[in-house]
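Just below is one structure, and these are the notes that go with it.
The values are calculated or read from the model by the stated rules, or taken from the named source; none is laboratory data. Everything numeric in this text was worked out from a predicted model, so none of it was measured. So basically every Cβ, Gly included, is an ideal-geometry build from the backbone, and we count neighbours across all protein chains shown.
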Amino acid sequence: MVSTSEAPSVILATKLAGEECADFGAGLPQPWTELLPGGQIFAALILCTSFSEKYQGRLMQPGERADVRLPAADGVMAQTWHPTLLHRAGHQEAVAYTWLGDEAAGDRTIYVAFAPMRRKRQFFKIVGSCTGLGDLVCEPLGAEGDRQSVLIAPYIQRKLAKVWGGCGLMEQLSKYVAAYPQHRILFSGISHGATLAQAAALQFQCAQPLADVHAATWNAFKWTDSAGSSLVQQVLGKRLLPFVLSRADRWDSVAGFPACCAAMRNLVLLDADSGSFQQRASTVSFPGESNPANIAHWRRALELHFASAVIKAMKQAMKLALETEVHLIDFPVDKLFLTSSLGED
């Protein structure tokens, strides 16, 4: 398998040969251009949706394995990964499952998958808990002597405090980091779970500075202020991949809620039909401010917010990434040498 990050001449060659294959990685930053065709992003999505506490994972216990069927390029047999459940933390309104990636498949990942919202009444709790910046609560980050702080929506802060402490996620995840030092930690979630995953990734990275923390989220709502968003960018940088599902010139309206909070600095639009990506910096108008009482905003959420649409788009995205890699591998060697020599002085 050819890595686009290790073979820039390969990408250049395909462009000079009449766009024989697309520069698919242009819409994603590193390291995600490797984790997309590698299967980790899709696995993270399936673990936080299909195998969450809300669905197939409800009765699963530590030691049991999930069956995650990965998308494949046309004509290629699909792989099925079998991550192992390590730990369950929380219940009902905030639940995180920790999974060990399928090492037999070469997946060196520990997944921390936050479940989506289970009950409709949670929505009203979220709406009522954060009506202005004055409602945000200060959350300390990091160890004593190197302490920072971030403002967090109170509902999110309370739920994470319970998951980390009372439910033992901080203790258990710290043990897994020590036991698997070569593994990345990949937080994931959709909707309410995405918001929890973003904040949790920040908290854990500050608590464990040497851990290799990543986060892939879909359709999160906002949970901090502008300074908090800047801190996330500073701490996680490109290791945070905050997707927002989109179609044409519209995107999931939940990304603009609550209106008083700030979005993450750099969002990635995921096209619901093509599976293509567009990195886009957050501005006053993007993702904007949404109102739960606005009918047009509700319609956009119904179209673009839920797991079925996101999974369909990510299947297409991974399939395209894999087909691009196949084209790169099959590209004639003589053209690669020709292209490489053209770039020399």
For this session: Tell me, yes or no, whether segment 303-317 has at least one residue that is modelled with pLDDT under 95 and either more than 18 Å from the chain's Cα centre (by Cα) or assigned to a strand (DSSP E or B) (or both).
Result: yes
Seminar exercise, completed: Considering residues that are among the hydrophobic types (A, V, I, L, M, F, W, C) and within 15 Å of Met117 (Cβ to Cβ), the number found within segment 182-198 is 4
Exercise. If you check Gly134 against the conditions, is it part of a helix (DSSP H, G or I) and either at pLDDT below 90 or not aromatic (Phe, Trp, Tyr) (or both)?
Worked result: yes
Exercise. Given (1) of a type in the set (Gly, Ala, Ser); (2) part of a loop (DSSP other than H, G, I, E, B); (3) under 23 Å from Leu186 (Cβ atoms), where does Ala216 come up short, assuming only one miss?
Worked result: (2)
For this session: Look at Phe277 and say whether it is in contact with a strand residue (DSSP E or B) (Cβ under 8 Å, 6 or more places away or on another chain), under 17 Å from Thr217 (Cα atoms) and of a type in the set (Phe, Trp, Tyr).
Result: yes
For this session: Evaluate the following for Trp32: is it more than 21 Å from His192 (Cα to Cα), crowded, with 16+ Cβ neighbours inside 10 Å and in contact with a strand residue (DSSP E or B) (Cβ under 9 Å, 6 or more places away or on another chain)?
Result: yes
For this session: Answer yes or no: is there a residue in segment 224-236 that is in a helix (DSSP H, G or I) and of a type in the set (Val, Ile, Thr).
Result: yes
Seminar exercise, completed: Checking Ser285, Ser290 in turn, the sole residue that is hydroxyl-bearing (Ser, Thr, Tyr), surrounded by fewer than 19 Cβ atoms within 10 Å (Cβ to Cβ) and part of a loop (DSSP other than H, G, I, E, B) turns out to be Ser285
Exercise. Could you count how many residues in segment 177-188 are over 13 Å from the mean Cα position of the chain (by Cα) and either crowded, with 24+ Cβ neighbours inside 10 Å or in a helix (DSSP H, G or I) (or both)?
Worked result: 3
Seminar exercise, completed: Given the conditions (1) under 13 Å from the mean Cα position of the chain (by Cα); (2) within 17 Å of Val235 (Cα to Cα), every one holds for Ser191 apart from (2)
Exercise. What residue, of Leu47, Leu70, is touching a residue at least 40 places away in the same chain (Cβ under 8 Å) and touching a helix residue (DSSP H, G or I) at 6+ places or on another chain (Cβ under 8 Å)?
Worked result: Leu70
Exercise. Can you tell me which residues in segment 86-101 are within 22 Å of Ser191 (Cα to Cα) and either aromatic (Phe, Trp, Tyr) or within 19 Å of the chain's Cα centre (by Cα) (or both)?
Worked result: Ala94, Val95, Ala96, Tyr97, Thr98, Trp99
Exercise. Within segment 71-85, how many residues turn out to be crowded, with 20+ Cβ neighbours inside 10 Å and either closer than 25 Å to Ala200 by Cβ or β-branched (Val, Ile, Thr) (or both)?
Worked result: 3
Problem set entry | Filtered residue count, segment 145-161, keeping only those that are within 23 Å of Gly189 (Cα to Cα) and at pLDDT below 90 | 0
Exercise. Would segment 103-110 turn up any residue that is surrounded by 13 or more Cβ atoms within 10 Å (Cβ to Cβ) and part of a loop (DSSP other than H, G, I, E, B)?
Worked result: yes
Problem set entry | Residues satisfying the stated conditions in segment 95-131, i.e. modelled with pLDDT of 95 or more and of a type in the set (Gly, Ala, Ser) | Ala96, Gly101, Ala104, Ala105, Gly106, Ala113, Ala115
